[in-house]
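Heads up: the structure comes next, in structure tokens.
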Amino acid sequence: MPVNPETLAALQDKYLALHEFVKVAKGRLDANLWDYLVGATETETTMRRNRMGIDALALRPRVLRDVSEIDSTSTLFDKTIRLPVFLAPVGGLEFMAVGANGAVTAGEGASGFGVPIMLSSVSKPGLEDVAAAATGMKIYQLYVRGDAASIEDSIQRAKAHGYDAFCLTVDTAIYSRRERDIVRRFAKPWRASATNQAQHYQAQLNWNDVKRIKDQHPDLKLILKGIATAEDAMIAVQHGVEVVYVSNHGGRQLDAGRGSIEVLPEVVQAVGGRAKVWVDGGFSRGTDIVKALCLGAEAVGLGRLYCYALAADGAAGVVRLLEILENEFRSALGLLGVTSVAELGPGFVHAAMPTNLPHVHSAFPLLRLDDSGY
């Protein structure tokens, strides 16, 4: 169902800054879901390094250039998208979205604005319902919960329902210790079906599986999500992967890891133009997206950020959030002295000292939320 224009119009004054979505979402989600959304693994160091790495880059503006006309669109798989971002895969959207439609609502928001959604296999409704609702670009992301035949079934279903690409998440061989969930004794409902045997299939996933998929489906646009080193990026390219997706699962998997934007340059260099590079991990502002593109990313995944809007005001909330993000992004382009995404490059960024202590919400210094504590 398309986003209702009247509903969207009503949000124009309700939300004028991105952090306003965060506050509304916290008021609407119960404590368990809120902690699942904002939390990370053990010491949450990797999550904080996501933000610290982004904040440790300053922008180098050029002036006296004609920036009266700015084009903030981009292309993915030869399709035009309104902004070089996509909604990253998040599990359990059915428990976060306003209303009961979960991933369908997210898909409506993405298509209503004009960016892709990457649907997680552990979000409901499933790929068929989301395909019917998401009229724009869509990608299916799989957590492996079965054998080769099960993977093949997911690929065939995604193809049959018009998904533009297929993604394997590769950094969840072991399910991590997320202490916010642990101390609350919160068992996520969407993991109830992830038996020990199902998790075993994810733990067994290896490069031979990637080779088999590419051999059987040479036309499949395959994305590997969770690449965190140049070494694995090179192996991915050798296997014919179309997109190397730099991600640390928002800091939810390996603790004491590097921030995604710190990993990005070595992966871009290792790939050497033989595949596209996407990235997620703490990206929350228009300038954050600019920095990732300057370092060679083709597109930036938004995870927690769009979930705040989804929880706050459903599909219309997602569209409104992306409108504000677009405004930030276009402003940054103009003030850098560029008029399109294609003009960005490493010459526009420089190492700098961060000014804010890294935190899941450190991109929003005006935000004040009570610490729930434990």
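Some values worked out for this structure:
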item: Where Rh is the Kirkwood radius over Cα pairs, Rg/Rh for segment 1-44; result: 1.13
item: Neighbour cut-off at most 10 other Cβ (10 Å), DSSP loop, trypsin sites (Lys or Arg not before Pro), segment 1-81; result: none
item: Note, ³J(HN,Hα) from phi for segment 83-98, Karplus 6.51, -1.76, 1.60, rounded to Hz, x at Gly and Pro; result: 8, x, 9, 8, 7, 6, x, 9, x, x, 4, 5, 9, 10, 6, 4
item: Rounded if a/c under 1.5, otherwise prolate or oblate - segment 145-287, Cα gyration tensor axes; result: oblate
item: Antiparallel DSSP beta bridges within the chain, percent to nearest 5; result: 20 percent
item: Built amide H within the under 5 Å cut-off of A58, gap 5+; result: H350, A351, A352
item: Per-residue SASA entry for Y140, accessible area with 1.4 Å probe, Å² rounded to 10; result: 20 Å²
item: Rounded percent of accessible protein surface that carbon and sulfur make up, segment 10-79, 1.4 Å probe; result: 49 percent
item: Approximate shape of the chain as ellipsoid semi-axes (Cα gyration tensor, √5λ), whole Å, largest first; result: 28, 25, 22
item: Principal axis box of segment 227-332, alpha-carbon based, largest edge first, Å; result: 42, 30, 23
item: Heavy atoms of H161 accessible to a 1.4 Å probe, total area in Å² rounded to 10; result: 70 Å²
item: Theoretical FRET efficiency, 1/(1+(r/R0)^6), r = Cβ-Cβ of N32 and E69, R0 56 Å, to 0.05; result: 0.75
item: Potential extension, H200-L357 segment - 0.36 nm per residue separation minus Cα distance; result: 52.7 nm
item: Bins of 10 Å, starting at 0 and running to the largest distance - Cα pair percent for segment 26-121; result: 12, 27, 35, 20, 6, 0
item: Segment 130-135 - phi-based ³J(HN,Hα) in whole Hz, Karplus 6.51/-1.76/1.60, Gly and Pro as x; result: 5, 4, 5, 8, 8, 7
item: Spin-label proximity, A132 to segment 1-24 - amide N less than 16 Å from point 7 Å beyond Cα toward beta carbon; result: 1-2
item: Prolate/oblate/rounded call for segment 311-374, Cα gyration tensor, a/c under 1.5 rounded; result: oblate
item: Mean accessible surface per residue for the chain, computed with a 1.4 Å probe while every protein chain stays in place, in Å²; result: 42 Å²
item: Mean ellipticity per residue at 222 nm, deg cm²/dmol - from DSSP H runs of n ≥ 4 across the chain, formula -39500 (n - 2.57); result: -12500 deg cm²/dmol
item: Given K214/K276; K159/K188; K23/K225, the pairs whose alpha carbons are separated by over 19 Å; result: K159/K188; K23/K225
item: Projected label distance in nm at T43 and Q12, using a 7 Å step from Cα toward the beta-carbon; result: 4.9 nm
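The values are calculated or read from the model by the stated rules, or taken from the named source; none is laboratory data. In this text the structure is predicted, and so the values were computed from the model without any measurement. Cβ coordinates were reconstructed from backbone atoms using ideal geometry, including for glycine residues, and neighbour counts include every protein chain displayed. Side chains included, ligands, DNA and RNA excluded: accessible areas come from the protein's heavy atoms. Shrake-Rupley method; radii C 1.70, N 1.55, O 1.52, S 1.80 Å.
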